[in-house]
Amino acid sequence: MTDYRKMWQDLGMDLEKHDELLSIIPEVYGELFVNQEKRPSSMEYFDFVMSEVHGLRVKELLDLQDKGKKVISSFCVFVPEELILATGGASIGLCAGAHYSVPIGEKVLPRSLCPLIKSSLGFKLGGLCPYFEVSDFVVGETTCDGKKKAWEILGEYHPTYVMELPQKRGDSDKELWLKEVYKFKEKVEDETGTAITPEKLAEAIKLANRRRKVLQRLYDTRKNDPVPISGKDAMLITQLSFFDDPERFIEKTNALCDELEEKVSKGEGAAPKGTPRILITGTPMPLPSWKIHHIIESSGAVVVCEESCTGTRYFETLVDETKSDLDEQLKAISQRALNINCACYTPNVGRIEDIIRQVKEYKADGVVYYSLQFCQSYSVEYYKVEKALEEAGIPVLRLESDYSDEDAGQLKTRVEAFLEMIK
């Protein structure tokens, strides 16, 4: 194993706290992932990426900066990664799914706030996340009130740029977001010293779409019974897609899909044929948030789809690749975001339609509606989702939790009862 301690020290990280955080992960990861039976052999690559997620990949980003390129990080799939890629820079997601960093975030944020926001700021304030430290600047967005106020605090600790996302999708809202995309383009050009040309942007759009398409291919294999890959592994791959080198990720995920499609042809699965199939919908599950998947799959079911930003919302909508004019390309990029059915929008009928459609496509037997504590948007939207699912005859279970394991036993009991009802 390479010793990255000097690299972390040079980045200004808290080595003692970081060591404590990293000491927790191997045992948990081994129990949740490595010890799974009938696991695809191609998952070895993603195990390697996970083992080096704070090491080799960070070193690659530092090497990229040595070549004069920029590393720009974000928290949300609405941020136009294509504009970053068009400059030769790296677009990276940020860690926000661990309970360890929540108490640190609570030093500047109220306890009655979404754990995702507290965790993300806690990673920065605690010196725990090398991706924060290697980032030239981070990009926030106004998807909820908690986030938009948290970015004001984050800006005191790290260069932060905020994109204003409209809450509706009328003509004036589309115009607002398009202007935000133009302003972000100017911001990226100013920071990188690189002009974004139609040619460069066309290549970046294709690259980002290729990454989304390979995730579509991965999820398509999950529509089979038996399902050839566990929900935990599929979730891990989606989480790592926000960190890994895009070209390498596409290559390795395609290789995995080759193996999975062969398993499908042989009738081989990660769980026996007829295992209850669950679709999870709700709040994002950023790295390393694996609790809900593990509870469901250790209770005798298999997760076959995630209708979330760390799931189908990220990759189902592509950017139109046919545009060659810069203005038209930017318009196409802006339109993609407005087609993502996040709970920040009102009204949000499209999300309900997505869930019902995906239940049919993935042959799900039931839906687990997962929302983080104090996440107002998804908690309130449950009312309409539950009503629509009940009218469609689709069983649904609502789970509200945080990133700690304190309620794991209680949640498992509720999931087991739900699965008995489904059977």
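Checking the conditions here, which among Ser112, Ser119, Ser172 is of a type in the set (S, T, N, Q), without any contact (Cβ under 8 Å) to a residue 60 or more places away in the chain and either buried (at least 19 other Cβ atoms within 10 Å of the Cβ) or over 28 Å from Asp10 (Cβ atoms) (or both)?
The unique qualifying residue is Ser172.
Where residues in segment 302-322 are over 22 Å from Cys375 (Cβ atoms) and either without any contact (Cβ under 8 Å) to a residue 12 or more places away in the chain or of a type in the set (S, T, N, Q) (or both), which of them is surrounded by the fewest Cβ atoms within 10 Å (Cβ to Cβ)?
Once the filter is applied, the top-ranked residue is Thr322.
When residues of segment 123-134 are filtered for being under 13 Å from Gly155 (Cα atoms) and either touching a residue at least 60 places away in the same chain (Cβ under 8 Å) or not charged (D, E, K, R) (or both), how many remain?
Initial filter on segment 123-134 (under 13 Å from Gly155 (Cα atoms)): 124-125, 132.
Restricting the remaining residues to those that are either touching a residue at least 60 places away in the same chain (Cβ under 8 Å) or not charged (D, E, K, R) (or both) gives 125, 132.
Within segment 123-134, residues that are under 13 Å from Gly155 (Cα atoms) and either touching a residue at least 60 places away in the same chain (Cβ under 8 Å) or not charged (D, E, K, R) (or both) number 2.
Quick one: would you say Glu328 is among the charged types (D, E, K, R), farther than 30 Å from Thr413 by Cβ and within 21 Å of the chain's Cα centre (by Cα)?
Numbers: among the charged types (D, E, K, R): yes; farther than 30 Å from Thr413 by Cβ: yes; within 21 Å of the chain's Cα centre (by Cα): no.
Spelling it out, it is not the case that Glu328 is among the charged types (D, E, K, R), farther than 30 Å from Thr413 by Cβ and within 21 Å of the chain's Cα centre (by Cα).
Out of Ser112, Ser119, Ser91, I need the residue that is part of a helix (DSSP H, G or I) and either at pLDDT 95 or above or out of contact with any Lys or Arg (no Cβ under 6 Å at 6 or more places or on another chain) (or both). Which one? Reasoning before the result, please.
Details: Ser112 fails: part of a helix (DSSP H, G or I); Ser91 fails: part of a helix (DSSP H, G or I).
Every option except Ser119 fails the conditions.
Could you give every pair whose Cβ atoms fall below 9 Å, whose first residue belongs to segment 372-386 and is touching a residue at least 40 places away in the same chain (Cβ under 8 Å), and whose second residue is assigned to a helix (DSSP H, G or I) and surrounded by fewer than 16 Cβ atoms within 10 Å (Cβ to Cβ), counting only separations of at least 6 or pairs across chains?
If the second residue must be assigned to a helix (DSSP H, G or I) and surrounded by fewer than 16 Cβ atoms within 10 Å (Cβ to Cβ), the pairs left are Gln376/Asp145.
What pairs can you find where one residue is in segment 404-423 and more than 21 Å from Gly274 (Cα to Cα) and without any contact (Cβ under 8 Å) to a residue 60 or more places away in the chain, the other is among the hydroxyl-bearing types (Ser, Thr, Tyr) and not in a helix (DSSP H, G or I), and their Cβ atoms are less than 9 Å apart, with a gap of 6+ or different chains?
Close Cβ pairs satisfying both conditions: Asp407/Ser401.
Among the listed residues Leu22, Leu11, which satisfies the condition of being surrounded by fewer than 22 Cβ atoms within 10 Å (Cβ to Cβ) and out of contact with any Gly (no Cβ under 9 Å at 6 or more places or on another chain)? Before you say what the answer is, go through the steps one by one.
On the way: Leu11 fails: out of contact with any Gly (no Cβ under 9 Å at 6 or more places or on another chain).
Answer to the check: Leu22.
The values are calculated or read from the model by the stated rules, or taken from the named source; none is laboratory data. Since we're looking at a predicted model, the values are computed, not measured. Cβ: placed from backbone, ideal geometry, glycine included. Neighbour counts: every protein chain shown.
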